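Participant: Sharing a structure, written as structure tokens. Questions coming.
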Amino acid sequence: MKKKFTINGFDVVKDIENNTHYIDDFPQFPNKNKNSKEIFQIIEQIVLTEKVITFPMKFNMIERVVKLCIDTEEYFSFEGIKNLIDRDKHLFLGTNTFFKVKFSYEENFPILKIIYYTIDNDKGQIDCSSMDMLLHIIFINYNQQQFTKKRVDYLENVVGLNMDEIRQIPLLPVQWLNFDENGNLLDFPNFELHNED
């Protein structure tokens, strides 16, 4: 059974059977307008509060940057992103770390970034005084014109990337790194939900 209601001008569908919510008409980029930014930040706040965060707090930020070339194309997918995070996990065992994924163009080259944020109130380099400030820091302002027809044709037909997944990267909210008792990464629910679309 599905119910529909409205938040910030968007129709939200509640799928009671699968215990999920989704927005039918959400734009391709969260920074499309004020309403899309606000609802996206509400979603990110919900994810962040899955763990206890107290303010003020400090954190460190590091990036894994991958430039698209013949040896890296395998990472430009949800599965490839998971593999990269699995390679980095040793850096974050025993920490409270969340991450975001960004796909963009820099000097006309496709770039994939995994941005890790590790809470460290002793040695953190970035001060954060509130949830609003944190949401502002981690929000990604995308170039909304980056998926030109020429670029999409190249990525899809020459490189062979799955553009359905690439187009969903800007819509992936922040996610926590969670581990089991053996140090194995747990699945990322937002990746799974987007794969079902």
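Participant: Which distance in Å, rounded to a whole number, links the C-alpha centroids of segment 113-157 and segment 48-106?
Facilitator: 10
Participant: Would you mind putting 16-22, 123-129, 94-100 in packing order, based on average other-beta-carbon counts within 10 Å, highest first?
Facilitator: By packing density, highest mean first, the sequence is 94-100, 123-129, 16-22.
Participant: Can you give the FRET efficiency to the nearest 0.05 for Ile42 and Glu107, using r as the Cβ-Cβ distance and R₀ = 25 Å?
Facilitator: Here the calculated transfer efficiency is 0.15.
Participant: Given the whole protein assembly as supplied and a 1.4 Å probe, what does the accessible area of Met57 come to in Å², nearest 10?
Facilitator: 10
Participant: Within a Cβ distance under 15 Å of Pro30, other residues only, what is the Lys/Arg minus Asp/Glu net charge?
Facilitator: It works out to a net charge of +3.
Participant: Quickly rank 75-88, 42-55 as a protection proxy: mean count of other C-beta atoms within 10 Å, highest first.
Facilitator: Final packing ranking: 75-88, 42-55.
Participant: Accessible area per residue of segment 1-123 at 1.4 Å probe, in Å²?
Facilitator: Solvent-accessible surface per residue comes out at 58 Å².
Participant: For the chain, what is the calculated [θ] at 222 nm in deg cm²/dmol (nearest 500), taking -39500 (n - 2.57) for each run of four or more DSSP H residues and dividing by its residue count?
Facilitator: That calculation yields -7500 deg cm²/dmol at 222 nm.
Participant: What is the distance, in nm, between label points placed 7 Å from the Cα along the Cα-to-Cβ direction at Lys82 and at Lys123?
Facilitator: The modelled label-to-label distance comes out at 3.1 nm.
Participant: A further question on this structure: Stretched out fully, how many nm does the piece from Glu156 to Asp25 gain, at 0.36 nm a residue minus the Cα gap?
Facilitator: Full extension from Glu156 to Asp25 adds 44.8 nm.
Participant: Could you work out how far apart the two model spin labels at Thr72 and Thr95 are, taking each label as a point 7 Å from the Cα in the direction of the beta carbon, and quote it in nm?
Facilitator: In this crude label model, Thr72 to Thr95 measures out at 2.1 nm.
Participant: Now for a different question. Of (i) 25, 24, 18; (ii) 29, 21, 16; (iii) 32, 20, 15, which one was derived for semi-axes √(5λ) of the Cα gyration tensor in Å from the structure shown?
Facilitator: The calculated read-out lines up with (i).
Participant: Follow-up question, since we're still on this one. Taking 0.36 nm per residue of sequence separation and subtracting the Cα-Cα distance, how much length would be gained by fully extending the chain between Val65 and Glu50, in nm to one decimal?
Facilitator: Between Val65 and Glu50, full extension yields 2.7 nm more.
Participant: R0 = 35 Å: FRET efficiency of Asn33 with Asn182, Cβ-based, nearest 0.05?
Facilitator: Values: r = 44 Å, r/R0 = 1.27.
Given R0 = 35 Å and the Cβ-Cβ separation, E is 0.20.
Participant: What is the percent carbon and sulfur in the accessible area of the chain, measuring with a 1.4 Å probe over the protein chains and ignoring ligands?
Facilitator: 47
The values are calculated or read from the model by the stated rules, or taken from the named source; none is laboratory data. Only a predicted model underlies this, so the values are computations on that prediction, with no experimental measurement involved. Every residue, glycine among them, receives a Cβ derived from its backbone with ideal geometry; neighbour counts consider all protein chains shown. Protein only, heavy atoms only, side chains kept; ligands, DNA and RNA dropped before computing areas. Shrake-Rupley method; radii C 1.70, N 1.55, O 1.52, S 1.80 Å.
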